[in-house]
Structures are given as C-alpha cells and as structure tokens.
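First the structure, in the form of structure tokens, and then the observations on it.
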Amino acid sequence: MDFFGIGPGEVLLIIVIALIVLGPGKIVHFSREMGKMAHAFRKASSDLTAQITKELDLEEKSQNKTPPLPPETHVKPTDPPST
C-alpha cells in the first residue's frame with residue numbers, strides 16, 4: 001500500500017504521533033474537519049473542471065458556427081483613362 005509516497009509503517013507512525021499530540025478526543029474532531037476540508041476541496045475542484053469544460057465547449061461551438069471566410073481575391077485596379 002502506497003499512501004502519498006509513504007509506506008504503511010510511516011502512516012502508522014504519523015497516526016500514533018497525532019494521537020499522542022492531539023489526544024483521543026481531539027483527533028476525532030481533527031479527522032472529521034480534515035474530511036470535510038477534503039470533501040470541499042474535491043467539490044470545488046470538480047466544479048472548476050466542469051465550468052472550464054463547459055466554457056471550452058461553448059467556445060468550440062461558437063467557432064464552428066462562424067462560416068469560413070471566402071478566399072481573398074486580388075483584383076488589380078485599372079489604370080485611370082489617360083486624356
């Protein structure tokens with residue numbers, strides 16, 4: 001099991017240190033708050049991705065609706081009549 005590049009022994013050590021530092025009562029509250037923050041971050045990230053995708057799709061559709069420009073025709077101006 002690889003959790004953010006650290007092994008299971010290291011994760012267990014971090015949990016034990018957090019339990020010692022925070023105590024059993026606060027670690028539950030801390031974990032709950034961290035879960036809420038992770039959920040909010042995922043939701044914001046998902047919303048941002050959806051908004052960007054929507055904007056890109058609208059831009060692509062608007063570019064496809066514009067008719068292509070006709071090729072430029074180069075007409076040489078005629079010389080004015082000489083008098």
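By the beta-carbon count within 10 Å of each Cβ, the least crowded to most crowded order of L56, L22, fewest first, is L56, L22. Taking each residue as 0.36 nm, the span from A18 to A44 lengthens on full extension beyond its C-alpha to C-alpha distance by 6.6 nm. Among the lysines of the range 23-65, pairs that are 8 or more positions apart or on different chains and have alpha carbons within less than 27 Å of each other number 6.
Values quoted throughout were computed directly from the atomic coordinates according to the rules given, and no laboratory measurement underlies them. Worth saying up front: this structure is predicted, and the values here are computed from it rather than measured. Note that each Cβ is placed from the backbone with ideal geometry, even for glycine, and that neighbours are counted across all protein chains shown.
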